[in-house]
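Each remark here refers to the structure printed beneath this line.
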Protein chains: 2
Amino acid sequence: MGKSQILEMLEAHNYKELKEVLESMHPVDIVEILEELDKKQMILIFRLLAKEEAAEVFTDMNSDKREDLINALTDSELEEVMEEMYVDDTVDVLEEMPANVVDRLLLATDEETRVKINALLQYPEDSAGSIMNVEYISLRREMTVADAILKIRQVGINKETIYTCYVTEKRHLIGMVDVKELLTAGESRRIEEIMDENVLYARTLDDQEDVAKTIKKYGLIAIPIIDHENCLVGIVTVDDAMLVLQDETTEDISIMAGVSPNEDSYFGTSIFKHAGNRTPWLMLLMLSATVTGEILGYYEEAMAVMPVLITFIPMLMGTGGNCGSQSSTLIIRGLAVGEIQFKDIFRVIFKEIRIALVVSMMLAFVNGIRIYIMYGQNMMLSVALGLTMIAVVVMAKCIGCTLPLLAKKLGLDPAIMAAPLITTILDTCTILVYFNIVTTFFGI
Amino acid sequence: MGKSQILEMLEAHNYKELKEVLESMHPVDIVEILEELDKKQMILIFRLLAKEEAAEVFTDMNSDKREDLINALTDSELEEVMEEMYVDDTVDVLEEMPANVVDRLLLATDEETRVKINALLQYPEDSAGSIMNVEYISLRREMTVADAILKIRQVGINKETIYTCYVTEKRHLIGMVDVKELLTAGESRRIEEIMDENVLYARTLDDQEDVAKTIKKYGLIAIPIIDHENCLVGIVTVDDAMLVLQDETTEDISIMAGVSPNEDSYFGTSIFKHAGNRTPWLMLLMLSATVTGEILGYYEEAMAVMPVLITFIPMLMGTGGNCGSQSSTLIIRGLAVGEIQFKDIFRVIFKEIRIALVVSMMLAFVNGIRIYIMYGQNMMLSVALGLTMIAVVVMAKCIGCTLPLLAKKLGLDPAIMAAPLITTILDTCTILVYFNIVTTFFGI
């Protein structure tokens, strides 16, 4: 069902049919359509949604639209929406809102939920605690399978995930049982007989990215989260983990392009915010590049004697930069997915040097032939440029693979060592190597 | 439990204890340790694993190590391992193996499984069919909830995912029921009363990346896959989707750095394979850069008249390249996560131009002051470089944001329009803009 059909029904005041259509749609798709409508239409349609659906739509929409909605809804409408939301989603919503709106939203929730929300709001922004879900099924070791299924029946419908139940004793996590096992075990067996005591867990203050990686690595649907007293306080589910990983990758990719990361979408970010995210790196790199310029100026005389030397500069600088960023990018990604660690540094450098030798000889050969043909069969020039090419590529690959590993070791984000910075550093090095080789070679 | 402790037990022939330790470990962690051991040790430890664990370890390990293992195991040992593996995992294993090994592995599976395997092997490499799981629970509409739970109890233990059951009629998918609902609904209710008829599904030939994105978008645990006759033939689960998305991102990042993507890990790829993945782009870019060089040579005279012009070249080329790659990277990522589409092209260009104006004026201002101070308070030079900077940044951002969108429209991977190519294209444009402005300005 597309946007145009929905608008048609809205304009025809065909609310009954529209309501039915909306009920059959997935909340995610409704959000997509609502975000393209104007404020008035959006609010009209939102009011037609069933309670549960409204809560999901409210959770999924972007923060600007949500603020419009909050301003338009009455307190009792807002209360109804909040009642249907999961506590962790409520917290996510609150974290993005201005203080006066937060107050209004908190007034619209009941006392018990408010206590839970306040507890979750305490966790640092990127911690596991901030994305965990406080609703899960906990069982006791002495329960039978039948008891457990009965408990799930009674409370399960309100939980986002009930496929893994956690067994606790005085709030400490002592085991877990998959619903799969509950369903296939005999009804009279006791939980402690079938529970798995080897439970993977994370802590409230762990980095959310690490927790998401654990979920991915072990193929989990959820991971339990314990606090500093080792008490079970929540779970992080696989769908949240997927979003965390996507955001972290987007952040890495931004940094790799010399753009400060940004939580909002491309279009959701203002011109000035975009400019602010991009200018610092550009400024730094622009000023660093003047060093290369000064060095180039220093070799003015050599270029006056042999003007042809100028024409090879873009090619050498380009190739050096590209070689370096190939290596740094592969290492940055390898670090991000956990394939490479700092302890591998010498293995990496040795590997990159060998790769650089193979690559550079091919490049030097092709380039040598081109120069030989284009510049009056000047063999000396071909050889000088060939040697420069080999030196530049080997240097570029060494620097390109080493800097991200060093950054990691120093506790910096390896992604800052991607193309922009590497390229600027290599530009200077390339010019130095180039002119040192050619001035020696041609005695200028 | 670390590698060193395991090796100690192995050397002390303390097999009984080692076996117990291995049983308490997660297969993923065992794989990590095995991959660091030598062949003989690896095979010894593998033989100590319990059957089910052995199958999981065998599935998770990298293909080189797996081949070593296959060569070492007897036919009956291999048969035992294969029996415990899920069909989709078997297919993944087979796809990476040389033909003679595949024959040996197929001989080690029973007739029924072999038929399933052969069917799965038919699907194209990146299709949903190739990663789907053929084991799932199907229910009939006339079953009661009690019948359904009974069925899950009987067959469920062998299925990788039983949390969503699919309702079929003559093999056609007509609805789905979450195990959550089965547990919370009355036992005598019929499946057709509680099933959800709005089922999201994908087709066997759909791109696996699209299927993974659907799973992420809707927060699913699994999605059913139907064939060309609309019959349900399998499911794709969230853990496989996460791996697909990670691989696709790694592929994108590789391409963005001018490296042909590669399914193996960094260390798992040979020197020559690495060189082969990197050289084509470098060669192409190196040869393209000669165009920039030639153009630079063309302005030799201008530089002879005003040698200071040379010193600004690295800064202008660097800034142009960085600006362009900032824009192209953000657009490529926006396209990858579905935030930006081709139809947004004019909105994007308009936005980038405004961003470019803000950014370039800041850069031009800082740079102008620097030049004014460093080059004998030459106001003309400051202004000429300021104008060049603004022109270069605006041009870089326009080209940087447009090319990935055009690539997408033409059915190419937008990631090829990242830093390396953009930078090379922009180098030429920057030189042209720069010398056109300064030669006009200073009448040279």
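The values are calculated or read from the model by the stated rules, or taken from the named source; none is laboratory data. Computed from a prediction, not measured in an experiment: that's the story for all the values here. Backbone-built Cβ (ideal geometry, glycine too); neighbour counts: all protein chains shown.
A compact table of results
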quantity	calculated
Where B:Met380 falls short, out of the listed (1) in contact with a helix residue (DSSP H, G or I) (Cβ under 8 Å, 6 or more places away or on another chain); (2) modelled with pLDDT of 90 or more; (3) surrounded by fewer than 22 Cβ atoms within 10 Å (Cβ to Cβ)	(2)
Residue list for the stretch A:345-356, filter: more than 9 Å from every other protein chain (Cβ to nearest Cβ) and either within 30 Å of B:Ser288 (Cα to Cα) or surrounded by fewer than 16 Cβ atoms within 10 Å (Cβ to Cβ) (or both)	A:Phe346, A:Ile349, A:Phe350, A:Ile353
Tally, over the stretch B:228-262, of residues that are in a loop (DSSP other than H, G, I, E, B) and either in contact (Cβ under 8 Å) with a residue 60 or more places away in the chain or buried (at least 20 other Cβ atoms within 10 Å of the Cβ) (or both)	3
The lone exception for B:Tyr434 - which of (1) surrounded by 22 or more Cβ atoms within 10 Å (Cβ to Cβ); (2) under 15 Å from B:Gly318 (Cβ atoms); (3) without any contact (Cβ under 8 Å) to a residue 60 or more places away in the chain it fails	(3)
Failed condition for B:Glu339, given (1) assigned to a helix (DSSP H, G or I); (2) out of contact with any helix residue (DSSP H, G or I) (no Cβ under 7 Å at 6 or more places or on another chain)	(1)
Selection count, the stretch B:353-387, where residues are closer than 22 Å to A:Asn277 by Cα and not charged (D, E, K, R)	16
Subset of the stretch A:65-103 [of a type outside the set (S, T, N, Q) and either outside any helix (DSSP H, G or I) or outside the structural domain of A:Ile43 (by TED's automatic domain parsing) (or both)]	A:Leu73, A:Met85, A:Tyr86, A:Glu96, A:Met97, A:Pro98
Selected residue (only one of B:Asp240, B:Asp264 is within 13 Å of the chain's Cα centre (by Cα), of a type in the set (Asp, Glu) and under 30 Å from B:Tyr201 (Cβ atoms))	B:Asp240
The one condition in (1) surrounded by fewer than 17 Cβ atoms within 10 Å (Cβ to Cβ); (2) closer than 29 Å to B:Cys165 by Cβ that A:Cys165 fails to fulfil	(1)
Verdict on A:Ile331 being at pLDDT below 90, outside any helix (DSSP H, G or I), buried (at least 19 other Cβ atoms within 10 Å of the Cβ) and under 21 Å from the mean Cα position of the chain (by Cα)	no
Flag if A:Val199 is over 26 Å from the mean Cα position of the chain (by Cα), within 14 Å of another protein chain (Cβ to nearest Cβ), within 25 Å of B:Ile194 (Cα to Cα) and hydrophobic (A, V, I, L, M, F, W, C)	no
Checklist (1) within 9 Å of another protein chain (Cβ to nearest Cβ); (2) in contact with a Lys or Arg (Cβ under 7 Å, 6 or more places away or on another chain) applied to A:Leu232, failing item	(1)
Where B:Tyr136 falls short, out of the listed (1) of a type outside the set (A, V, I, L, M, F, W, C); (2) part of a helix (DSSP H, G or I); (3) within 21 Å of A:Val238 (Cα to Cα)	(2)
A:Met256 being under 23 Å from B:Gln341 (Cα atoms), out of contact with any strand residue (DSSP E or B) (no Cβ under 8 Å at 6 or more places or on another chain) and among the hydrophobic types (A, V, I, L, M, F, W, C)	yes
Scan of the stretch A:369-387 for residues that are closer than 17 Å to A:Ile437 by Cα, away from every other protein chain (no Cβ under 12 Å) and assigned to a helix (DSSP H, G or I), ordered by number	A:Met379, A:Met380, A:Leu381, A:Ser382, A:Val383, A:Ala384, A:Gly386, A:Leu387
Residues satisfying the stated conditions in the stretch B:333-344, i.e. under 21 Å from B:Thr423 (Cα atoms) and either in contact with a Ser or Thr (Cβ under 7 Å, 6 or more places away or on another chain) or within 8 Å of chain A (Cβ to nearest Cβ) (or both)	B:Arg333, B:Gly334
In the stretch B:173-182, residue nearest to the chain's Cα centre (by Cα) [restricted to those that are in a helix (DSSP H, G or I) and closer than 9 Å to B:Val145 by Cβ]	B:Glu181
Hits in the stretch A:6-25 - residues which are farther than 18 Å from A:Val81 by Cβ and either acidic (Asp, Glu) or surrounded by 12 or more Cβ atoms within 10 Å (Cβ to Cβ) (or both)	A:Ile6, A:Leu7, A:Glu8, A:Met9, A:Leu10, A:Glu11, A:Asn14, A:Tyr15, A:Glu17, A:Leu18, A:Glu20, A:Val21
Out of A:Ile422, A:Ile399, sole residue that is more than 14 Å from chain B (Cβ to nearest Cβ) and either in contact with a helix residue (DSSP H, G or I) (Cβ under 7 Å, 6 or more places away or on another chain) or touching a residue at least 60 places away in the same chain (Cβ under 8 Å) (or both)	A:Ile399
Residues located in the stretch B:38-79, provided they are of a type outside the set (A, V, I, L, M, F, W, C), surrounded by 15 or more Cβ atoms within 10 Å (Cβ to Cβ) and farther than 26 Å from B:Asp264 by Cα	B:Glu77, B:Glu79
Residue list for the stretch A:290-302, filter: of a type in the set (A, V, I, L, M) and either closer than 28 Å to B:Ala364 by Cα or in contact with a His (Cβ under 8 Å, 6 or more places away or on another chain) (or both)	A:Val291, A:Ile295, A:Leu296
From the options A:Ala222, A:Ala212, residue that is more than 10 Å from chain B (Cβ to nearest Cβ) and either within 30 Å of B:Val305 (Cβ to Cβ) or crowded, with 16+ Cβ neighbours inside 10 Å (or both)	A:Ala222
